[in-house]
Amino acid sequence: MPIQVHADVAELKEELIAIRRDLHRHPELAFAEHRTAGIVAERLRSLGFKVQTGVAQTGVVGIIDFGRPGKTLMLRADMDALPIQEIEGRAYGSTFPGKMHACGHDGHTSVSLVVASILAKNRSQLKGRLKMVFQPAEEIVAGAKAMLDAGVMKDPAPDRILGFHCWPTLEAGKVGVHPGFMWASVDHVRISIKGVGGHGGTPHLTVDPVVAGASLILALENLLAREVSPFASAALSFGIFRAGTMYNVIPAEAELQGSARALDPEVREFLVRRVQEVATGVASGLRCLAEAEVVRGTPAVWNDPTVCDSVREAATAAARADNVVDPGQATVGDDMAYFLQQAPGCYFLLGVGNPQKGIGSPLHSPEFDIDEVALPIAAETMARAAVQFLS
């Protein structure tokens, strides 16, 4: 008898939502996901998985061998929350002040646990191996790399990787699948500018690093407009411009910090090089000295087209063809990219927005929430794609 994925998901729907709400009430920050990891490990052990805890500090890996030769499928979910104070009034709101699941990782973890349950229940009809990877510290872009360093892609190495992300700008009930580069690389830009400080009333006796910093930001905007193809998605933004302590004193130093993002690896390398060149040149032209450093962050998220076809087929069965869309590209980042560099995979998007319910606030906002009717769709999509690969 074929595996009844839809029925299995329906049977676990209430439990799925209960797990998500429990995790939402108890958010834990990067590398501090101790309670969450404990829940995950206990559940996997009860399902017959061989479980390893403490991977990259708080990560959990569960492996089940279905007893027949076959390939290895890896499912990845991130577990950490954000240092954000959630709005009040929700029955399942955070009970930890200043901490909140504002990026849907509670949904990722709960769905993945339910998928693990369904696949374990139907183990007699599957072959190969299933590796469940519950990752810490995605929000500080440190967990995936730490798990790679801990050997998570070995013993056994996965042949395919699946994962998903909650997406509030997609309506609940929809699934987004985009082949190729979907999300951008994200690098940290730090620029220090040194000049000569002095009195605000005698600017001609100073070398003003604030003016140099402002000019540099404008020059870098021009870099995007005139040196990067309009058909290439890239972004360069600055969130920190720090200088001085007194309103009437021109400081001797200024600091800029921001991010450089690109979907194309060649554009990424171009930005890394040109940011440093432009910073040095603009500052020098204004008699300042600039030092620019670009700290490498996560690479771009690349989805294998063949795996995307499989996920699209699974999502069509779970949500109907008219609800499976191509969400396009975005210049956000995710360290799932590190895993997808090691094996072919697909990171799909789950629509969780519902304006009629007041759900649609952006990721990382105090008002963020997910329409829970979407969670069974994610579970069914993941389970169907897994069954297809492991049958």
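The values are calculated or read from the model by the stated rules, or taken from the named source; none is laboratory data. Please read all numbers here as calculations on a predicted model, not as lab measurements. So basically every Cβ, Gly included, is an ideal-geometry build from the backbone, and we count neighbours across all protein chains shown.
Of all the residues in region 102-141, those that are among the charged types (D, E, K, R), under 26 Å from His364 (Cα atoms) and part of a helix (DSSP H, G or I) number 1.
I'd like to know if region 291-314 contains one or more residues that are over 30 Å from the mean Cα position of the chain (by Cα), more than 13 Å from Leu256 (Cβ to Cβ) and surrounded by fewer than 17 Cβ atoms within 10 Å (Cβ to Cβ). Taking every residue of region 291-314 in turn, none turns out to be over 30 Å from the mean Cα position of the chain (by Cα), more than 13 Å from Leu256 (Cβ to Cβ) and surrounded by fewer than 17 Cβ atoms within 10 Å (Cβ to Cβ). Within region 49-63, does at least one residue satisfy the condition of being under 22 Å from Gln135 (Cβ atoms) and of a type in the set (D, E, K, R)? Yes: one or more hits. Being within 29 Å of Arg123 (Cα to Cα) and in the same structural domain as Ala150 (by TED's automatic domain parsing) holds for only one residue in Pro362, Pro327, Pro376, and it is Pro376. Please determine whether any residue of region 142-157 is in contact with a Gly (Cβ under 6 Å, 6 or more places away or on another chain) and either outside any helix (DSSP H, G or I) or under 29 Å from Arg68 (Cα atoms) (or both). Yes, region 142-157 contains at least one residue that is in contact with a Gly (Cβ under 6 Å, 6 or more places away or on another chain) and either outside any helix (DSSP H, G or I) or under 29 Å from Arg68 (Cα atoms) (or both). Residues in region 173-206 that are buried (at least 17 other Cβ atoms within 10 Å of the Cβ) and of a type in the set (A, V, I, L, M) were compared, and the one that is farthest from the chain's Cα centre (by Cα) is Ile193. The sole residue among Ile377, Ile370 that is outside any helix (DSSP H, G or I) and modelled with pLDDT of 95 or more is Ile370.
Looking only at region 79-101, which residues are hydrophobic (A, V, I, L, M, F, W, C) and either surrounded by 20 or more Cβ atoms within 10 Å (Cβ to Cβ) or not in a loop (DSSP other than H, G, I, E, B) (or both)? Within region 79-101, Met79, Ala81, Leu82, Met100 qualify. Looking only at region 42-58, residues that are among the aliphatic types (A, V, I, L, M) and farther than 20 Å from Leu148 by Cβ come to 2 in all.
The condition (being closer than 23 Å to Tyr347 by Cα and touching a strand residue (DSSP E or B) at 6+ places or on another chain (Cβ under 9 Å)) is satisfied by just one residue among Gly38, Gly48, Gly59, Gly54: Gly59.
For region 144-159, a residue qualifies if it is crowded, with 22+ Cβ neighbours inside 10 Å and under 19 Å from the mean Cα position of the chain (by Cα), and the qualifying residues are Ala144, Met147, Val152.
If you go through region 163-172 one residue at a time, do you hit one that is buried (at least 17 other Cβ atoms within 10 Å of the Cβ), closer than 27 Å to Met336 by Cα, in contact with a Ser or Thr (Cβ under 9 Å, 6 or more places away or on another chain) and among the acidic types (Asp, Glu)? The answer is no, given that none of the residues of region 163-172 is buried (at least 17 other Cβ atoms within 10 Å of the Cβ), closer than 27 Å to Met336 by Cα, in contact with a Ser or Thr (Cβ under 9 Å, 6 or more places away or on another chain) and among the acidic types (Asp, Glu). Name the single residue, out of those in region 102-143 being within 14 Å of Val55 (Cβ to Cβ) and of a type in the set (Gly, Ala, Ser), that is surrounded by the most Cβ atoms within 10 Å (Cβ to Cβ). It comes out as Gly143. A single entry from Arg242, Arg261, Arg320, Arg312 fulfils the requirement of being under 23 Å from Thr169 (Cβ atoms) and without any contact (Cβ under 8 Å) to a residue 40 or more places away in the chain: Arg320.
This table checks each residue for (1) more than 18 Å from Phe164 (Cβ to Cβ); (2) of a type in the set (S, T, N, Q); (3) touching a residue at least 40 places away in the same chain (Cβ under 8 Å).
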{"site": "Asp78", "(1), (2), (3)": "no, no, yes"}
{"site": "Lys99", "(1), (2), (3)": "yes, no, yes"}
{"site": "Ala102", "(1), (2), (3)": "no, no, yes"}
{"site": "Ser112", "(1), (2), (3)": "no, yes, yes"}
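Beta carbons closer than 7 Å, at least 6 apart along the sequence or on distinct chains, never pair a first residue in region 189-215 that is acidic (Asp, Glu) with a second that is surrounded by fewer than 17 Cβ atoms within 10 Å (Cβ to Cβ).
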